[in-house]
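Beneath this line is the structure, given in structure tokens, with notes to follow.
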Amino acid sequence: MLPETIDLTIEVFLPEDTKQGWLPLDGQSVPHLFHFTQYPPQNMLYHDFPDLGHLLHREEVTSFNPHTLLQFGPPLLQLSDHYRAAIKAASHPIHSFTLIPISGHPVRLPIWVFDYWREVGCAMVYQCDWKRVLTWLRDVSRSELMVGICEQVMAGLSYFPWNSGNHSVDDMASLLTDSWLSDFHINYCLTKISKHYSDHYGTKISDRHALLPLNSIPTAYNGTSPSGNTVAKGKQLLEVENKISCGDLDSVGGVLHLPNHWTSLIITFKPPKIFYGDSLGSPMPTKMAHLFWQWICHMLK
């Protein structure tokens, strides 16, 4: 959630030169957010006083040096709110204020600096989110199968505005970096892998193997019926089961999602075997293994 607009006793606007030279430019592409280097330090500690009246001034700051913005980080939110409340409650217009660092000399700043801190703070949050996205893309692009997709995404981001809505950035960052992905993205990746498999080994061989989201199997067979819950199986699993029953499939494989972790799994039917791969070196959970063997037994009837 973005910070609320500062409610001062006078209308405050950021100076135009501050907008142009000391903040990332609105509407620029994602790379601009990383090419921009004029970010202030992280939050700093300043002295707080029950009465801030002696630190609020009617006079404006003359000949303010913008480089000061890079020398002093913003105060913590509690102190910032205290200053804002004192400015609002003042009996006369306030044009500047003084901060006293815990370590260092006092600094006098124009009150529009509060607006600057809010705007640059939002940009730094965007930068953090985009960094998560770009880090994910960099790691995934190491896979030969994903290079093309990642290049397309990167090309798109070179035109995509960095601040095209905080909601969009949050969604993309969480989608790419959390412990789960949507069915659409899993199916898309599996389709790409399946096509790659077919291109390399030929249609005849590749048609004997199916890739699917494997969590659908324990979900469908986690009940009392040995044949599983037909409603929970879904179209893709039902099609795979029909092919196995007709002798058209020799194996299935894909990714298996455990809590906060992805693993790989291949099941063969001639002979019946389960090949399980976990980068953490752990065996498949017992209950999960039982459900997959139940499914295999059902398929081999």
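No value in this document is a laboratory result; all are computed from the given coordinates. Everything numeric in this text was worked out from a predicted model, so none of it was measured. Glycine also receives a Cβ, built like all others from the backbone with ideal geometry; neighbour counts cover every protein chain displayed.
For the pair Met124 and Glu239, the difference between a 0.36 nm per residue extended length and the Cα-Cα distance amounts to 36.6 nm.
Modelled spin labels at Thr62 and Met299, positioned 7 Å past Cα toward Cβ, are 8.4 nm from each other. Mind giving me the FRET efficiency for Ser143 and His35? R0 is 22 Å, r the Cβ-Cβ distance, nearest 0.05 is fine. The pair Ser143/His35 has a calculated efficiency of 0.20.
Extending 7 Å from the Cα toward the beta-carbon at both Ser251 and Asp48 defines two label points whose distance is 6.3 nm. The stretch between Leu258 and Val107, if pulled fully straight at 0.36 nm per residue, gains 49.0 nm over its current Cα-Cα span.
Summary of packing: across the peptides 268-274, 287-293, 33-39, the per-residue average of other C-beta atoms within 10 Å ranks them, highest first, as 287-293, 33-39, 268-274.
Peptide packing for 89-98, 59-68, 110-119 was compared via the average number of neighbouring C-beta atoms within 10 Å per residue; ordered from the highest value, the list is 110-119, 89-98, 59-68. Estimated at 0.36 nm per residue, the fully extended path between Glu16 and Leu70 surpasses their Cα-Cα distance by 17.7 nm.
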